[in-house]
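Bear in mind these aren't lab numbers, they're just calculated from the coordinates by the rules spelled out. Computed from a predicted model, the values in this text were never measured in an experiment. Reconstructed Cβ throughout: ideal geometry from the backbone, glycine too, with neighbour counts over all protein chains shown.
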Amino acid sequence: MAATVETAQTVKEVAERKYKYGFVTEIESETAPKGLGEEVIGFISAKKGEPDWLLEWRLKAYRHWLTMPEPLWANVTFDALDYQDAYYYSAPKTAEGPKSLEEVDPELLRTYEKLGIPLREQEMLAGVAVDAVFDSVSVATTFKKKLHEVGVIFCSISEAVQTHPELVREYLGSVVPYADNKHATLNSAVFTDGSFVYVPKGVRCPMELSTYFRINAANTGQFERTLIIADEGSYVSYLEGCTAPMRDEHQLHAAVVELVALKDAEIKYSTVQNWYPGDEEGRGGIFNFVTKRGACRGDNSKISWTQVETGSAITWKYPSCILQGDNSVGEFYSIAITNNMQQADTGTKMIHLGKNTRSRIIAKGISAGRSNSTYRGLVKVSPKAHGARNHTQCDSLLIGERCGAHTVPYIESKNRSARVEHEATTSKISEDQLFYCRQRGIGEEEAVALVVNGFCREVLQQLPMEFAVEAQKLVGISLEGSVG
Amino acid sequence: MLEITNLHATVDGKAILKGIDLTIQPGEMHAIMGPNGSGKSTLAYILSGRDGYEVTEGEVRYEGRDLLVMAPEERAAEGLFLAFQYPVEIPGVPNTTFLKEALNAGRKHRGEGPLDAMQFLKLIRQKTQELGMTDEMLKRAVNVGFSGGEKKRNEILQMAVLEPKLAVLDETDSGLDIDALKTVADGVNALRGPDRSMLVITHYQRLLNYIVPDKVHVLAQGRIARTGGPELAEELEAKGYAEFTTAAA
């Protein structure tokens, strides 16, 4: 009760205050003016009723961002981004969505059907404004109650800023600092929303957490910011994304995810990314420039990333682990599928700082059409990381004659007792395999899906059960039209 | 069941089959024997619809329909099965998954619903036991790490599960020791029936000691040089193929 009153008070104060940097923030309007600048950042912060320290942090990030060059080292090409030609804050839309599924793009519906998504969920995904929303709210409410009983905090990060400012202040930017890289820095300046999770000491989170069940999950879109803290001895599994194709009007997506695992804690983070990849010529797809990093701060902690990347025109993403605690473990399991004109430059960084830290990387890249897929990874062993071990396995599969696969592993070991292993293979999907499947009655596209799913099996097995089943279907759908 | 008329075919522009005529009735087992390079495997691939084999003349009718216009998966779903000389490995795909996909693809084609997990499991358990295979082999990825004999037995298992109308066995005996040969032959014999035809392609006669064909054809230099009963196979074993390779040279 007290917290609510306090929150309301803060909002009021922020709303009424004169912006100390010299301009007055207009918060009546629902959309920030086009473009990027301190006023827009002030607007976003005021809209969210944020405390001063957060606004200052945003502005610090913005000013630093202005000095940073575009990162151009990735193996992707695109026209320079015009940051001024975009909106950075708009209120969630109401009543503008389609009225029923009949108004939704039939192409999208066919894909939903192939994925076996129930009708109600289809309506939600397509943004149909019907009472399906009530369902989700009630499900989410039950869900929240269960989490509350064990003390797990799971809410939007905006909400956490109001209700648990001390946690947010302590951990925000502690894994991905505001000056980390151009895209993450932009996110720090203008992030609109995202998820916040705190799992208390010794608690094993009783269910998989998913943004899907988070109230107010709508429209966090473009600059999502996620912070997950697993306190000592706790465990949490978090699912992000959705196998259904997600459309969004924004071209640039620059999300930041920070994970903190304290002593004996474990975080498992699974992603299925299926943003709109653009048409066959690559027009209109999403640029997915994401910074994901986890810190294994405590001894015996563990962070495991699993990703299935099938969407976006460009994927630029390196979920990483900083293995600070002794005996801590980092894992990265990845499937990156590119088709048509898609480009993916993805991989991981495993930074071994503590003693006997271990990391394991399994990356599977599948390229089809005229697409390009690059695995880029860094395994770094610091002088103090005695007994550190890493095993990396990168496999690339090519479908057709016009795609590319690249592997760029960086290995830096400064400790003699460390053992770092790297294995890489590149193969083409074989005519023999496809013909063998077809001779048994399996159609050509199903045969491709079967062979590719086999190729990805080690990674798919890491996904939580229900996610894995959908991801397998998604693998097939992503590669439709890639043969023949 | 199968009617091949004046079949000519080329591979990479080179003529391999030069006018084959062959008719197989329902329930019949035919054997095609011949020296290396005579076109035996080419015939198997043309029947199953593999890319890279061009038919330049003649026709093939399967149950009265033009077989050559059908896609490989359609032929399979219509009951044509090829046991491969070199079964292909598919890493990461468990044998059961593969069998289930194949079986249900055929069922779908015939307008039947897919088998549910329980029905399917019961079916393959029964078939593996009949063939003396272990459940462990079902869990392994398709043909990956299988011995030569296991691969061939796996082909027979697939045939037993898919229950084809016409099975083409391409050198199923090659690379088998005598025990494996017997097991495979038992598997094939168990599948013989009044509605199922078989075309056994082999280089040696020894398989035909266990699988007794109705007719034996000698394929040499792209043509059927001679046709006879099981006794022809024994004659070939004794005399070799010299008569056929030199006659046309």
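Here are some notes:
- Across peptide A:425-431, the mean count of Cβ atoms from other chains lying within 10 Å of each residue's own Cβ comes to 1.
- The distance between label points at A:VAL408 and B:TYR204 comes to 5.5 nm (points 7 Å beyond Cα on the Cα→Cβ vector).
- Distance from segment B:156-173 to segment A:264-289 (C-alpha centre basis), Å: 44
- Across A:LYS48/A:LYS292; A:LYS182/A:LYS428; A:LYS182/A:LYS263; A:LYS268/A:LYS349; A:LYS60/A:LYS201; A:LYS47/A:LYS182, pairs whose alpha-carbon gap is larger than 27 Å: A:LYS182/A:LYS428; A:LYS182/A:LYS263; A:LYS60/A:LYS201
- Within-11-Å neighbourhood charge of A:PHE455 [Cβ basis; K, R +1; D, E -1]: 0
- For segment A:332-437, the list of trypsin sites (Lys or Arg not before Pro) that fall in a loop by DSSP and count at most 13 other C-beta atoms within 10 angstrom reads A:LYS384, A:ARG402, A:LYS414, A:ARG416.
- P(r) tail fraction, the protein assembly as shown - alpha-carbon pairs more than 46 Å apart, %: 34
- Shielding of peptide B:98-109 by partners, expressed as the average count of other chain Cβ atoms within 10 Å per residue Cβ, is 4.
- Between the C-alpha center of segment A:297-330 and that of segment A:332-391 there is a gap of 9 Å.
- Peptide B:68-74, shielding by other chains (average Cβ, 10 Å cutoff): 4
- Hydrodynamic estimate: the Kirkwood radius of segment B:2-248 over Cα pairs, inserted into Stokes-Einstein at 25 °C and 0.890 mPa s, corresponds to D of 132 µm²/s.
- Each part gets one Cα centre, and for segment A:411-484 versus segment B:194-249 those centres are 43 Å apart.
- Whether segment A:420-478 is rounded, prolate or oblate, judged on the alpha carbon gyration tensor where a/c under 1.5 counts as rounded: oblate
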